[in-house]
Amino acid sequence: MAENKRYKKFGSLQPNVDDIMKWNAELPENAFEPATSEEKENFIQDRKSVSYWKDAWRRLRKNTVAMVALAIIIILTLFAFVGPMVVPYTYKQQIRGSEALGLSHYTYEDIQAIHAYIEEHTGTGVLSPDEAVEQARAEAEANGKKLSRIEEAKIRAQASVNAESSEAEEETITESQAAKELGLKKKPFGYSEKELERKASGEKVFPHVFGTDDQGRDIMVRVMVGTRVSITVGICAALLVLIIGAVYGSISGYCGGAVDAVMQRIVEMIYSIPEMLIILLLSATLKPALEQFQNSGNGILQKLVTILGPNLISMFIAFGLLYWVTMSRIIRGQILQLKQQEYVTAARALGAKGGRIIRRHLLPNCIGQIVTTTFLQIPSAIFLESFLSFVGVGVSAPLTSLGSMCSEALSGLNTYPYRLFIPAVILSLMILSLNLFGDGLRDALDPRLKK
Amino acid sequence: MRKYTIRRIFMAVVTLLVVACLTFILMNAIPGNPWLSEKAPSQATIDALNAKYGLDQPVPVQMVKYLGNILHGDFGTSIKMQKNRAVLSIIMEMFPVSAKIGSIALLWAVLVGVPLGCLAAFKRGTWVDSLLRIVCTLGISMPGFVVATILLHTLCGGISGVKVFPALFDGSAKSYVLPCLALGFYPMCYLSRQTRTAMLDSINQEYIKTAKAKGLKNNKIIFKHALRNALIPVITYLGPQIAFTLCGGLVVERVFSIPGLGRYFIQSIQNRDYPVIMGTTIFLATFIIIMNLVVDLCYKLVDPRINLSNGGH
C-alpha cells in the first residue's frame with residue numbers, strides 16, 4: 001500500500017517522492033513513510049476538527065425557536081405517516097351509523113338515562129285520560145273502594161291537562177336539555193350509539209377523536225392523510241425545484257457571457273408570469289387530456305396518473321416550469337462570486353471540465369444556500385397546494401388534503417366549526433414551524449447572513 | 001433610464017405574448033371538439049361549424065387571429081356560464097369588484113405594515129419587536145382562507161351574540177371590511193417584515209449616526225432619513241404583492257361569496273368554459289405584468305443610484 005502511494009497519480013500535482021529523496025541525500029530513509037496507527041494516536045490534537053455540518057448543527061441546537069419548530073415538524077410527520085397505521089379506519093371508509101359525530105359523546109349509561117328522561121317528559125311517559133281512570137279504578141278496587149263519577153271526571157280532566165302540557169313540552173325537550181337537567185357532561189371523542197353498545201359489551205372500539213363528517217368518515221384519519229399529502233407534495237416540489245434550479249442556475253452562472261444573458265432573459269420573463277394563473281390554467285386544460293390518457297390503457301404511467309390525480313400533476317408541471325426561477329437566481333448569484341476564486345482557476349488550469357468544476361467545486365461551496373432555499377420551498381409549496389385544493393383544483397377525491405377539507409367544511413361552518421379549524425390549525429402550524437426551522441437553518445448554515 | 005425603460009417595456013410585451021400563446025396552445029391541446037353533445041352532429045354539420053368559426057384553418061393562423069381579436073378587445077363569447085355573452089363584458093362587470101377589494105387591502109397593508117416594520121426596527125430587542133415578529137410570522141404562515149374563515153366565523157354570527165359584519169356580501173361598505181382585512185393581512189405581515197429588515201440596514205448607516213450627532217430629533221431621523229432609504233427595497237416587494245393580492249382574491253371571494261372576477265374564474269374552470277378561462281387568464285396576466293412594470297419603473301425613479309440598464313448587476 002505504502003509503495004503505491006509513493007508514485008504520483010496521473011494529473012496530480014503531488015511531487016514524486018522518489019525524486020525528492022534523490023535530490024535531498026540527507027533525508028532519512030523513512031521520511032515519507034505514512035504514520036502508523038500508534039503514531040497517529042500519540043499525536044495530540046489541540047481541538048477536535050469540526051466538520052461543516054457538525055458546526056451548523058451546534059449552532060442550530062442553540063436556537064430554541066428552531067428546535068421547537070423541529071420538534072413540531074417531527075410530531076406532525078409522525079402524526080401523518082404513523083397515525084393512519086394506528087387508527088383502524090381509512091380515509092375513504094364510510095362508517096355506517098356514525099355520520100356527523102361531534103368531538104364529544106355521552107357515555108352509554110348517560111345516553112340511556114337521557115333517553116329515559118326524555119321519554120318520561122314526553123307523551124309516551126304520561127298516561128292518557130282513559131288510562132289514568134283505569135289505573136285509578138284498579139287502585140280503588142285494590143283498596144276495596146269504588147270511584148264515584150265525579151271523582152272519575154276529575155281524574156280524567158287532570159290527566160288530559162297533563163297530556164296537553166307534556167305535548168307542548170315534547171317539542172322543546174332535547175338531548176342537551178335533558179343532559180343539563182340530569183347534570184350529565186359530555187366526554188371527549190366521538191362515538192356513535194352502536195359503537196357505545198359494542199364498547200359496553202366489552203369490545204374495544206377506537207374513538208373518533210375529531211368526530212366524523214356527514215358521510216361517516218373519520219375526520220382524524222382524513223386530517224392525517226391530508227397532512228401526509230401536504231408534506232409529500234411539499235418535499236417533491238422542493239426537490240423538483242432544486243434539481244431544475246441548480247442545473248439552470250449553475251450553467252447560467254458558470255458560462256456567463258451571451259449564454260448567461262439569454263438564460264437570464266428567460267428567467268426574467270418567467271419571473272413576471274403570474275404563476276397562480278398558469279397553474280389554474282394548466283389544471284383546467286390538462287385535466288381532460290390526462291383523463292383521456294388515464295382511460296387509454298393500464299400501464300404504469302396511467303396508474304401513476306390515477307394515483308396522483310390530474311390536478312396534482314398539473315401542479316407539479318407548473319412547479320417544474322415556473323417555480324425554479326428563484327432557486328436558479330440564488331445559485332447563479334453564488335456561482336458568479338465563487339467562480340472568481342483561485343481554486344476554480346487552479347482546477348481549470350489542471351484541465352477540469354466545466355461540468356466537473358460545477359459539481360465538485362462550485363455547488364458544494366454554496367450548499368448552505370441551496371439547502372436553505374430548498375427547505376424554505378417546502379412550506380411555500382404546501383401553502384400553494386392548500387390554496388389550490390381550497391379553490392377546488394387541488395388533489396382530487398377520494399384523496400384528501402388539508403386545503404380540500406377546509407373547503408368541504410366551509411358550507412357548514414357555523415354548525416361544525418371544528419371541521420374547518422382542525423385542518424386549518426394543523427396546516428398553519430406546519431407552515432409556521434417549517435418557516436421557523438428554515439430561518440434557523442439559514443442562520444446556522446450561513447452565519448454571515450444573520451441579521 | 002430611457003434605455004432601461006424601453007428594454008423593460010419590450011420584455012413585458014414579450015412576456016404577455018408568451019402568456020397569450022401559451023394560453024392558446026393549452027386550450028387547443030384539450031381533446032375533443034366544442035360540438036360534441038348528446039346528439040352527435042353529422043360530419044357535414046361539424047365541417048360547416050368549423051368553417052364558420054374558423055376552426056378549419058391551421059393552428060398558427062387561428063392563433064394569430066385570436067391574438068388580433070384580443071387587441072381589438074374581442075375575447076370571444078362564453079359557451080357555458082352565461083351563454084353567448086361577450087367575455088369582455090363579463091370581465092368588465094366582475095373586475096371592478098375584485099380590484100376595489102384588492103386595492104383597499106393593499107392600501108391598508110402598506111399603511112399599517114410599513115409603520116409597524118419601522119416600529120419593530122426601532123424597538124429592536126424589546127417585547128414590541130418580539131410581539132410583532134410573532135404576529136408577522138404567524139401571518140405569513142396562515143393561508144388566506146384560514147384568516148378569512150376565522151374572521152367570518154368570529155365576527156359574522158358564528159359565535160352567538162357577536163355579529164358585527166354581514167356574512168353575505170351585499171356591496172355595502174360594512175361588507176367590504178372583512179374581505180379587505182383578510183386579503184390584506186398576508187401582505188401587511190410580509191411588508192412589515194421586509195420593512196424591519198430594510199430599516200435595520202438603513203439605521204446602521206453612517207449618515208444616520210451623523211444626523212444623530214448633529215442633534216436631530218428621533219422622529220425626524222426616522223421619517224426624513226431612515227425611512228426614505230428603507231422604503232426603496234420595500235417597493236420591489238409591492239410588485240409581487242399586487243399579483244398575490246389579486247390571486248389571493250380567489251380565495252377571499254369564495255369564502256365571502258363576493259361576485260368578483262376571481263370567483264368567476266374558478267367557476268369557469270370547474271365548468272370548463274374555455275373562452276372565459278382564456279379571456280380571464282390573459283386579462284389578469286396583462287394586468288399583473290403591467291403593474292409589475294409600473295412598480296419596476298417607479299423603483300428606478302425612486303432610487304437613481306442603482307444602474308439597472310445592464311440587468312441589475
Can you tally the net charge around B:ILE288? Count Lys and Arg as +1, Asp and Glu as -1, for every other residue whose Cβ sits under 14 Å from the Cβ of B:ILE288. -2
What nm distance separates the two modelled labels at B:LYS220 and B:ILE235, each placed 7 Å from Cα along Cα→Cβ? 2.5
Zone of A:LEU78's modelled label, taken as backbone nitrogen in region A:400-434 under 17 Å from a point 7 Å along Cα→Cβ: A:430
Per its Cα gyration tensor (rounded if a/c is under 1.5, else prolate when a/b beats b/c, else oblate), region B:175-313 is best filed as oblate
Where does the longest stretch of chain B lie that holds no chymotrypsin sites (Phe, Trp or Tyr not before Pro) found in a DSSP loop with 14 or fewer other Cβ atoms within 10 Å? B:54-313
Using only Cα atoms and rounding to the nearest 10 degrees, what angle (0 to 90) does helix B:43-52 make with the longest principal axis of chain B? 50
Explain nothing, just the number: relative contact order of chain B, from Cα pairs under 8 Å at least 6 residues apart, as a whole percent. 26
Helix B:274-302: angle to the longest alpha-carbon principal axis of chain B, degrees 0 to 90, nearest 10? 30
Rounded to the nearest 10 degrees, the helix B:144-155 long axis (Cα) sits at an angle to the longest Cα principal axis of chain B of 80
Calculate, for B:LEU49 and A:LEU304, the FRET efficiency according to 1/(1 + (r/R0)^6) with r their C-beta to C-beta distance and R0 45 Å; round to the nearest 0.05. 0.75
Would region A:320-451 count as rounded, prolate or oblate if I go by the C-alpha gyration tensor, calling it rounded below 1.5 in a/c and otherwise prolate when a/b exceeds b/c, oblate otherwise? prolate
Does chain B come out rounded, prolate or oblate, given a ≥ b ≥ c as the square roots of the eigenvalues of its C-alpha gyration tensor, rounded meaning a/c under 1.5 and, failing that, prolate meaning a/b above b/c? oblate
Cβ-based charge dipole, chain B, positive-most Cα from B:LEU297, B:VAL61, B:PHE223: B:PHE223
FRET efficiency estimate (nearest 0.05) - Cβ-Cβ, A:ALA261 to A:GLU33, R0 51 angstrom: 0.40
So if we plug the beta-carbon distance of A:ASN365 and B:VAL302 into 1/(1 + (r/R0)^6) with R0 = 22 Å, what FRET efficiency do we get, rounded to 0.05? 0.05
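What's the extension gain from A:ALA140 to A:VAL425 if we count 0.36 nm per residue and subtract their Cα-Cα distance?
95.9 nm
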Separation of alpha-carbon centers, region A:355-391 and region A:77-94, rounded to whole Å: 29
Label-point separation, A:ASP18 to B:ASN84 (7 Å along Cα→Cβ), nm: 9.7
For chain B, give the magnitude of the charge dipole about the Cα centre (Cβ charges: +1 Lys/Arg, -1 Asp/Glu; no others), in debye to the nearest 20. 1360
Environment charge at A:ARG228 (Cβ cut-off 13 Å; Lys +1, Arg +1, Asp -1, Glu -1): 0
Considering amide H positions built from the backbone, and no H for Pro or chain starts, which residues 5 or more places from B:THR77, or on another chain, come under 5 Å of its amide H? B:VAL87
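The numbers here are math on the coordinates, done by the rules we state, and not lab data. Quantities reported herein were computed from a predicted structural model and do not represent experimental measurements. We place every Cβ from the backbone using ideal geometry, glycine too, and count neighbours over all the protein chains shown.
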